[in-house]
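Engineer: To start, I am sharing the structure in question, which I have written as structure tokens.
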There are 2 protein chains.
Amino acid sequence: MTERRLHLNAFLMGVGHHEAAWRHPETDPGLIADVRHYQELARIAERGRLDSVFLADGLALWGNVRHNALGGLEPLTLLAALAAVTEHVGLIATVSTTYNEPFHVARKFASLDHISGGRAGWNIVTSATEAEAHNFGIERPSHGDRYARATEFLEVVTKLWDSWEDGAILNDRAAGRYADTGRIHALDHVGTHFRVRGPLNTSRPPQGHPLLVQAGSSEDGKEFAARFAEAVFTAQQTLAEGQAFYTDLKSRLARYGRRPGELLVLPGISPIIGSTHEEALRLERELQDLIIPEYGVQQLSTMLGADLSGHPLDEPLPELPEPSDGQQSRFKLVTDLARRERLTLRQLIGRLAGGRGHRVVAGTPELIADQIQEWFTSGAADGFNIMPPVLPSGLADFVDHVVPELQARGLFRTEYEGRTLRQNYGLARPVSSFEQFEQKVSVAS
Amino acid sequence: MTERRLHLNAFLMGVGHHEAAWRHPETDPGLIADVRHYQELARIAERGRLDSVFLADGLALWGNVRHNALGGLEPLTLLAALAAVTEHVGLIATVSTTYNEPFHVARKFASLDHISGGRAGWNIVTSATEAEAHNFGIERPSHGDRYARATEFLEVVTKLWDSWEDGAILNDRAAGRYADTGRIHALDHVGTHFRVRGPLNTSRPPQGHPLLVQAGSSEDGKEFAARFAEAVFTAQQTLAEGQAFYTDLKSRLARYGRRPGELLVLPGISPIIGSTHEEALRLERELQDLIIPEYGVQQLSTMLGADLSGHPLDEPLPELPEPSDGQQSRFKLVTDLARRERLTLRQLIGRLAGGRGHRVVAGTPELIADQIQEWFTSGAADGFNIMPPVLPSGLADFVDHVVPELQARGLFRTEYEGRTLRQNYGLARPVSSFEQFEQKVSVAS
């Protein structure tokens, strides 16, 4: 076993990440809002000793529900129900800083962390779309404004988690003293976006802070990650791009007083697994044949910020202006891919259908493991965000065939190392900032 | 068995409703943020065939955590974890309309309703305290403003639940049509407090609308209840007061086109149960002896909107001005009680310690059942909000000793009638307002 440990997160997405998954006979789209489906997925992930499961989220009905199985469940609520039927696997929910209040978010994640015994993680997003803004009565804030709010949001939320120091609860029934109120702190935060008095009305989470996850790839996004994130999900198509992103992000940590090991980079990978290479390619072809071009064109139009509905499917992607706000990194990834491989619009849709810009690898468990190993040992990844094309079978195939291969190579755990998500990711538990402050004061005096 | 059915809700409050419960040897205050404690309570309620369990909530650290076990879990998150370990019992969470957005609230309750198979209920509150306002960066809105916002909030939330009609999901995999988008509707709501485009991105909840619950007793509160609520929790000290409240509330329904049976009135009762009367009184005395007067005075000061900390404990409650905004009904209940029974401050604190103004009844299971039966058959209650003084044992005593007595008298169910919370409460499932609109249009054309 190498010193460095590989980390694996299962990205749960309805009945699969391939946009045609819901039409494939392996899946049952009737389960899209059924908790038992997600409980089964969490149990499979735990059987494979995966670090965590993760739910993406948006605050509008995206995409076209005419042609895809949408309308599922809110992540935090769902993860609480998954916590009740699992013991080890981490539970990462996406929650927006643009359309929420820090007090609610701090409290809900603290609650999920208590409920799960220290397995909660927060994928922090700033919600880029207009559709979301229009469900909250505002015009879409600029990219810069969203990140400025997110930064202050994180300052407030982490202070709320810190507002009860670890030793605050005395539970002295004889003396009638439940808590040492000298160790429960108001914040009296007054900032540009928020005024929050505190303290939180939920005691300190078992992990101190639930794990902080992020996925932005813009300049603002990478700085935000370097400052706050402990795990980063990212879409990288080639090893060279993956290495460049990894090096770039890790190099930013020092300016926030952090070491490279304090942030894990987890590129996405959609593994299409077969017991032979031919079987994997057959599954991939079956899924590609179920693509609805009209849906793919809509998805691509949203990704690129341009209406492509009139463009002939068998001609190359036309020249398009870079979008002015947000989504630039996804725009670059997609247009680079189309140019590099000289794809027609139809071919491009096919390439994106599997993972919306994330890397798709079809092959045997050995080949998938080779790819993971190569990126892990070549400075491109600390682990992977696993995006099965169809669910639950694609996750079961990964857990039952790829994980044993990674274990046999000494790359992946055979038992969970710790009780909490932080412990399994190899990350430290933060001390309350109020406690640190008091220690500094007493040292100085 | 009478035609009318009694309904019972278990009000779960930390380790008990008595303010000294955490000091009593029957409880373990170390469980205040432990999901297993609440899972046990939900299982006990289900064993007793109770309609539902209910969690109160506030958005600030209320009371004095120095002298009480506070700092528990956020209700919606917690109830999702309880849904996973129960099958029948309803799950009612308190959520504020003043410090939330309708889109989030609609989505979280829709999710809880899916997760629980149609067992979600929402106790709608408008959050009266300054402490809460200061956690959200605003000054406390007036009572009238809070109810105006709540009314528009409910209009938006119910429309969001209606935005997917029941037949909207086709799941036609062969034709590539997941949903009939003609039956998924934007709201385009533009009002005083909210602009919400919709539709919701979670499909229609199993119950159509999760059960709507409310507990305000002000004039605004009762009108709001008459318009929207399907169950009302209320604090009533005497049978005559209970009858007056019941008659008043039911009489308001007609102006909203509703029948009396469409709203259930559930007064609170804190049953202190003993196998003999003496045993019940002994438990009551043990709890009273554990009261911390300083804590009681603080609680009373908050309830009455006046600082009583300098007032001698063994003199009567002084004359106090009625608070100008909110809390008037609780003020009247408490000052009436003090005058009627000529209580000293210390005695008043003792009387309120058990249920914060709710009725406390100590006695044998038969006596508790007599009280419930009397109110139920005398036009004061459709059921009760059960507030055990200590938890879990107080709930177990109620379920194991009072419930069988009520069943033997033909007052309470021996098996759940339906699968959903609405079915067990005997309430209809709402049709989507969009569906009704279209039917009206097609009839007219």
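Engineer: Under Stokes-Einstein, with the Kirkwood radius over Cα pairs standing in for Rh, what whole-number D in µm²/s applies to segment A:292-332 at 4 °C and 1.567 mPa s?
Structural biologist: Values: Rh = 10.8 Å.
Here the translational diffusion coefficient equals 120 µm²/s.
Engineer: Using the eigenvalues of the Cα gyration tensor, what equivalent ellipsoid semi-axes result for segment A:56-146 when each is taken as the square root of five times the eigenvalue, whole Å, largest first?
Structural biologist: Whole-Å semi-axes of the equivalent ellipsoid: 26, 18, 9.
Engineer: If you project the alpha carbons of chain A onto their three principal axes, what span does each projection cover, largest first, in Å?
Structural biologist: 76, 50, 42
Engineer: Select from A:Asn68, A:His7, A:Val190 the residue farthest towards the positive end of the dipole of chain A; place +1 on Cβ of Lys and Arg, -1 on Cβ of Asp and Glu, and compute about the Cα centre.
Structural biologist: Projecting each Cα onto the dipole axis, the largest value belongs to A:Val190.
Engineer: Return, ordered by residue number, the residues of segment A:248-290 whose backbone nitrogen is under 13 Å from a label point located 7 Å along Cα→Cβ of A:Thr377.
Structural biologist: none
Engineer: If you line up the Cα atoms of segment A:183-305 on their principal axes, what length do they span on each, largest first, in Å?
Structural biologist: Computed over the Cα atoms, the extents are 62, 32, 32 Å.
Engineer: Taking just the alpha-carbon atoms of segment B:248-355, what radius of gyration and Dmax come out, in angstrom?
Structural biologist: In Å, with Rg to one decimal and Dmax whole: 17.7, 51.
Engineer: Using 5 Å bins from zero, what percent of all Cα-Cα pairs in segment A:53-107 falls into each bin?
Structural biologist: P(r) for segment A:53-107, in whole percents per bin: 4, 16, 22, 23, 17, 13, 5, 1.
Engineer: Choose one of B:Gln214, B:Leu427, B:Ala353: the residue whose Cα lies farthest towards the positive end of the charge dipole of the protein assembly as shown (beta-carbon charges +1 Lys, Arg; -1 Asp, Glu; about the Cα centre).
Structural biologist: Going by the charge dipole, the pick is B:Gln214.
Engineer: When only alpha-carbon atoms count, how far does segment B:1-96 stretch along each of its three principal axes, as whole angstroms with the largest first?
Structural biologist: Ordered largest first, segment B:1-96 gives principal extents of 48, 28, 23 Å.
Engineer: Which whole-number value in Å³ per residue fits the convex hull of the alpha carbons of the protein assembly as shown?
Structural biologist: Here the figure is 174 Å³ per residue.
Engineer: Are there any residues in segment A:77-101 with a reduction of at least 30 Å² in accessible surface when going from the isolated chain to the assembly of protein chains? Probe 1.4 Å, please list them by number.
Structural biologist: A:Thr77, A:Ala80, A:Ala81, A:Ala84, A:Glu101
Engineer: Once Rh for segment B:272-313 is found with the Kirkwood sum over Cα pairs, what is the Stokes-Einstein diffusion coefficient at 10 °C and 1.306 mPa s, in µm²/s?
Structural biologist: Diffusion coefficient, whole number: 133 µm²/s.
Engineer: A further question on this structure: Suppose the Debye formula is applied to equal point scatterers at every Cα of segment B:321-363; what is log10 I(q)/I(0) at q = 0.25, 0.35 Å⁻¹?
Structural biologist: Result of the Debye calculation: -0.94, -1.23.
Engineer: Right, here's the next one. Given the options B:Thr129, B:Ala106, B:Ser142, identify the residue whose Cα lies farthest towards the positive end of the charge dipole of segment B:94-196 (+1 on Cβ of Lys, Arg; -1 on Cβ of Asp, Glu).
Structural biologist: Looking along the dipole axis, the top candidate is B:Ala106.
Engineer: Cα to Cα, under 23 Å, and not fewer than 8 places away if on the same chain: which lysines meet these conditions relative to A:Lys332?
Structural biologist: A:Lys222, A:Lys250
Engineer: Cα convex hull of segment A:326-445: mean projected area in nm², to one decimal? Don't jump to the answer; show the numbers that get you there.
Structural biologist: Numbers: hull surface 50.9 nm².
The number I arrive at for segment A:326-445 is 12.7 nm².
Engineer: Treat every Asp and Glu Cβ in the protein assembly as shown as -1 and every Lys and Arg Cβ as +1, leave all other atoms uncharged, and give the resulting dipole magnitude about the Cα centre to the nearest 20 debye.
Structural biologist: Dipole of the protein assembly as shown, to the nearest 20 debye: 260 debye.
Engineer: I'd like the GluC sites (Glu not before Pro) in segment A:363-438 restricted to DSSP loop residues with at most 16 other Cβ atoms within 10 Å, sorted by number.
Structural biologist: Loop-located and lightly packed - A:Glu415, A:Glu417.
Engineer: With every protein chain left in place, what is the accessible area per residue of segment B:265-412 in square angstrom, probe 1.4 Å?
Structural biologist: Solvent-accessible surface per residue comes out at 40 Å².
Engineer: Let me ask something additional. Binning at 10 angstrom from zero up to the longest distance, how are the C-alpha pair distances of segment A:151-198 distributed in percent?
Structural biologist: 26, 40, 23, 10, 1
Engineer: What do you get for Rg/Rh of segment B:94-161 when both radii come from the Cα atoms and Rh is the Kirkwood radius?
Structural biologist: With Rh from the inverse mean 1/r over Cα pairs, Rg/Rh is 1.01.
Engineer: How much length is gained if the chain between B:Arg43 and B:Tyr256 is pulled fully straight, taking 0.36 nm per residue apart and subtracting their Cα-Cα distance, in nm to one decimal?
Structural biologist: 73.0 nm
Engineer: Using just the C-alpha positions of segment A:47-202 as equal point scatterers, what log10 of I(q)/I(0) does the Debye formula give at each q in 0.10, 0.13 1/Å?
Structural biologist: -0.46, -0.74
Engineer: How big is the B-A contact in terms of buried accessible area, both chains counted, 1.4 Å probe, rounded to the nearest 100 Å²?
Structural biologist: That pair of chains buries around 5900 Å² in total.
Engineer: Two decimals is fine: what is log10 I(q)/I(0) at q = 0.14, 0.28, 0.30 Å⁻¹ for segment A:371-428, from a Debye sum with one equal scatterer on every Cα and no solvent?
Structural biologist: Treating every Cα as an identical point scatterer, log10 I(q)/I(0) equals -0.47, -1.21, -1.19.
Engineer: Determine the dipole magnitude for segment A:140-218: charges of +1 sit on the beta-carbon of Lys and Arg, -1 on that of Asp and Glu, nothing else is charged, the reference point is the Cα centre, and the result goes in debye to the nearest 20. Provide the component values of the computation, followed by the final result.
Structural biologist: On the way: 10 positive and 9 negative charges, 52 e Å.
With only Lys, Arg, Asp and Glu charged at Cβ, the dipole is about 240 debye.
Engineer: Continuing with the same structure: Can you compute the FRET efficiency between B:Glu26 and A:Asp400 using 1/(1 + (r/R0)^6), with r the Cβ-Cβ distance and R0 = 56 Å? Round to the nearest 0.05.
Structural biologist: Computed FRET efficiency for B:Glu26 and A:Asp400: 0.70.
Engineer: Nearest 500 deg cm²/dmol is fine: what mean residue ellipticity at 222 nm does chain B get from its DSSP H runs of n ≥ 4 alone, each adding -39,500 (n - 2.57), divided by its residue count?
Structural biologist: Counting only the DSSP helices, I get -11500 deg cm²/dmol.
Engineer: Also: Rounded to whole Å, give me the distance from the Cα center of segment B:179-225 to that of segment A:98-133.
Structural biologist: Centre-to-centre (Cα) distance: 22 Å.
Engineer: Using the crude model of +1 on Lys and Arg Cβ and -1 on Asp and Glu Cβ, and no other charge, please compute the dipole size for segment B:211-363 relative to its Cα centre, in debye to 20. Could you put the intermediate results ahead of the total?
Structural biologist: Details: 18 positive and 21 negative charges, 132 e Å.
I would put it at about 640 debye.
The values are calculated or read from the model by the stated rules, or taken from the named source; none is laboratory data. All values derive from a computational prediction rather than experimental measurement. Backbone-built Cβ (ideal geometry, glycine too); neighbour counts: all protein chains shown. Only protein heavy atoms, including side chains, enter the accessible area calculation; ligands, DNA and RNA are left aside. Shrake-Rupley method; radii C 1.70, N 1.55, O 1.52, S 1.80 Å.
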